[in-house]
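Accompanying notes for the structure given below.
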Amino acid sequence: METENRSHKHLSLQERYYDTYKALLKDTREGIGLSREELRELNCLITPLLRQGQSISHIFAVHKDEIPCSMKTVYNYIEQGIFTARNLDLPKKVKYKERKRKRQESPAGYAYREKRTYKDFLEYIRKVIPKGKSLADYTQDDMTLLMNHINSTARASLNGRNPYELARLLLKKELFKVIGAKKVAADKILLKPAL
């Protein structure tokens with residue numbers, strides 16, 4: 001009997017905690033959780049410091065006892081125009097571009113792939129030498145010319161530079177003479193079978 005009373009009290013305590021939790025959760029999700037006076041005081045604390053170039057994380061580290069909300073909430077208040085400080089007062093916020101979502105290709109956009117086979121893929125022409133074509137017909141001079149054109153092509157992954165420029169920084173100059181590596185002028189690069 002005594003055991004039953006204890007478990008009954010324990011359950012009612014759990015129920016009270018749960019009810020308190022639900023009420024707190026509801027309150028925190030209902031708009032701004034601070035009074036006008038609290039918002040004014042918070043604005044008077046944060047805005048001048050932001051305008052001095054301090055970061056919000058720095059302000060939180062120094063004034064954590066004076067700030068009655070989370071860092072995310074402060075960012076939201078600034079974004080919503082509740083504070084005098086604006087996004088322009090946050091140096092990093094202005095630097096970052098908003099992320100773009102990848103566009104999903106619609107099923108209608110796959111029409112160009114219809115009726116293609118694996119054989120078509122194998123026969124796909126490369127930029128200069130067709131797949132499956134023997135390299136025996138090409139001389140060393142042909143391969144060197146091809147290498148020079150390919151390695152003189154600028155790459156986004158190299159910040160607009162080309163592999164030739166990168167190699168010049170890392171390798172000895174004598175090697176370039178031995179293998180015949182030369183930079184091709186940007187407007188002269190040809191990456192077609194006509195090369």
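FYI, it's all coordinate maths here, none of it is from the lab. On a predicted model such as this, the values are computed, not experimentally measured, just so you know. Neighbour counts are summed over all protein chains in view; Cβ atoms, including those assigned to glycine, are modelled from backbone coordinates with ideal geometry.
In this simple spin-label approximation, L166 and E15 carry label points 7 Å from Cα along the Cα→Cβ vector, and these lie 6.8 nm apart.
Spacing of the modelled spin labels on E38 and T84, each 7 Å from Cα toward Cβ, amounts to 2.2 nm. Full extension of the segment from D137 to C69, taken as 0.36 nm per residue of separation minus the current Cα-Cα distance, would add 17.1 nm.
Please find the FRET efficiency linking T153 to L175, where r is the Cβ-Cβ separation and R0 is fixed at 22 Å, and quote it to the nearest 0.05. Once the sixth-power term is evaluated, E becomes 0.65.
Once the Cβ-Cβ distance of T47 and A23 is raised to the sixth power relative to R0 = 45 Å, the FRET efficiency obtained is 0.90. How would you classify segment 135-188 from its alpha-carbon gyration tensor, with a ≥ b ≥ c the square roots of the eigenvalues: rounded for a/c under 1.5, else prolate if a/b is greater than b/c, otherwise oblate? The shape class here is oblate. Between the beta carbons of K100 and I125, assuming R0 = 35 Å, the FRET efficiency works out to 0.60 to the nearest 0.05.
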